[in-house]
1. Taking 0.36 nm per residue of separation and subtracting the Cα-Cα distance, what length does fully extending ASP503 through GLN118 add?
2. Can you tell which of TRP388, TYR341, ALA327 lies farthest toward the positive end of the dipole of segment 322-447, using +1 and -1 charges on the Cβ of basic and acidic side chains (Lys, Arg; Asp, Glu)?
3. Can you tell me, using C-alpha contacts under 8 Å and at least 6 residues apart, the relative contact order of segment 354-462 as a whole percent?
4. Testing the spin-label approximation: label points 7 Å from Cα along Cα→Cβ at HIS589 and SER91. State their distance in nm.
5. Under the rule of at least 5 residues apart or a separate chain, name every residue whose amide H is placed under 5 Å from the amide H of GLY436.
6. Residues of segment 456-477 with backbone nitrogen within less than 19 Å of a virtual label 7 Å along the Cα-to-Cβ line of ASP253, please, listed as ranges.
7. Say each of GLU18 and GLU326 gets a label point 7 Å from the Cα, pointing the same way as Cα to Cβ; how far apart are those two points in nm?
8. Which whole-Hz couplings ³J(HN,Hα) result when phi for each residue of segment 17-24 is put into the Karplus expression 6.51 cos²θ - 1.76 cosθ + 1.60, θ = phi - 60°, listed in order with x for Gly and Pro?
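Derivation of every value follows stated rules applied to the coordinates shown; laboratory data play no part. Note that the coordinates shown come from a computational prediction; the quantities given were computed from them, not determined experimentally. Positions of Cβ are generated from backbone atoms using ideal geometry, with glycine treated the same way; all protein chains shown enter the neighbour counts.
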Amino acid sequence: MAKQPPTKRRKKSLLKAEQYDLIAEAWTHYKSYIGASDDDEEIEEEELEEEEEERDIDEIFEVVSLLSQLDIQTKKKSDACDVFNTDSFESIQSILPIMFSMTYLHIANHSMSEELEQPPGYYFELSLMYWPENPAANSLLADYHKQVNLGSDMTTICDLYVKAATYAGTVKDAAAKFCEASSEKEEDRFNLKEMVDILVMGGALDMSEEEDDDDEQEEEEGEEEDDEQEFHSCSNVEVTSSFMAAMLLSCLDRHDDAMVQLQKFRFSHRIHPNVWKMALGSQDSDHKKKSAIDSTVMFEPRMYHSKEGVLPQEHYSRLCRLFAPEANYWDQSDYNNRGYYSYYFDITKKTRNVVEDAIVNHLLPMAERTLEEEHKSPAPKIVGAEWWVHTRPHSANLGHPLHFDTDEWLLNSKHEVSHPIVSSVLYLTGGGAGAGSTIVFNQTPDSTDNATQVWLSEPKNNHFMNFPGNLLHGVLPCVGGSSSDGDIDKNRLTLMVGFWTRDVTKEMKNRRLYGPCGPLPPATEEHSWVMEAQKKVKQASGNEVEATALKVVSPAWETIDYSDKEEELAPLDVPASLDHQYFVSNAPHCFTTRLFSKDNCN
């Protein structure tokens, strides 16, 4: 039976003392729920794990039951003020709506992972009804719409992130000033500072604190600087919402609005707005002009296509089934939790499965054709192929970080950079308008200047794009739109192949399953996808294909201007999990630095 919050009790006239008793009891349950109880009794870790989920949801339901007996005023959305100040925390009556809002937000979180009486959207609505400026509620509601694709367009989702980012800034300033005003702000029985700290700073803003090493050193040396703060605080809600707002505003061609968010991070460059415009189809390509091909670019990126597709239909259908969203491959390879992994094979040996067969008999000839057309002397000889696959639901596809294709073992063990001679993408499913364009820059790890142009490849099913393996590249976020085929296209599915002129496994030690350039797993029940891939496919001659130059746009990057900023605020930290290097600092060197470091290039 689905759990549900207790039915709201009928409000009755309560004396002030009785009201305070209810609030105090509700506050005790709330603190217990978030692990901030005043009870110092230690709980065994095993016992805590066994009872945590059941106790937590019961605690938060009890808060609803108690607060429902009070006359707590809700706010209409139109009543939400743009200016949030310390008056919002001056009394227990002003804090109660915040407490009720956070309570319903916690229930919304529970309802996303377990069945409750109402869907998550219902509890999000209640949370925002009591406190429309709740930064966490606006941000998490945007996340929810993005993840489950409830028919929300990107504009609606984006606007929620913008609200969350804006409210986080104003609420953070007001809460900080309130907490600094007095060590203990009390009203009768309640420590208002504690309530603001838990509900707002730790809850609605998700503040993290980092001790300032310089201040700590000065304190040890006996130096006193009263004006220096001992801690530097950052709101994770503000960071995430501001970054997501910048990304989605860029997708929506609202670049002036995106700039407001980007300046918070003190980025030096962003991908030029014209690149985003071209991905939306609102910018004409410059490819009628001759592309700037120099020693950086071995050949110009191109798309191979055919009316029937570059792969014969049986090969194409087999690959789509082998790597369909519900296929065994993804769970058996632990795709969602594992780092980068790929498979390498010698193309001179007999192929062992439908993937290798498609690469050797159909994709390799197009890669060789590219090299032959670009070399007056004999083209470099390809001896091996490295392949891997990616799948992303359209509704949750935020793109893929800008990066270089490299020999990962050589890079990690000897700090040497080596690239495939040709990098390539076979678009399997999810092609169409707004499906997340592949972008390729005329920039290498050796570049001392920023890229001057970008090639843009719009995904189309059963099309094959290749480009020089030493160039910086990535994928822009999906912006919606219709796919080119039916339900199978709900996911953007791609097969990547790096073609090498040397055996990259020759020097590798401890070559491992599901690692970079790893071996093919054994055909066992544990890896049943391999058995499926080994089923024979009817051989068919390749379709006659044509090569078309990609769209190109210049310039590639835009410098971010701070001349209109009167004061320089401490920059927000870039969220590592969302940082795809569409916005960077210290370009172009940041991309090379990233090759040798786990740190972001900001």
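1. 132.9 nm
2. The listed residue farthest towards the positive side: ALA327.
3. Relative contact order of segment 354-462: 19 percent.
4. Going by the 7 Å Cα→Cβ label model, 5.8 nm.
5. VAL479
6. Label zone hits: 456-459, 476-477.
7. The answer from the label model is 5.7 nm.
8. My calculation for segment 17-24 gives 4, 5, 4, 5, 4, 4, 5, 4 Hz in order.
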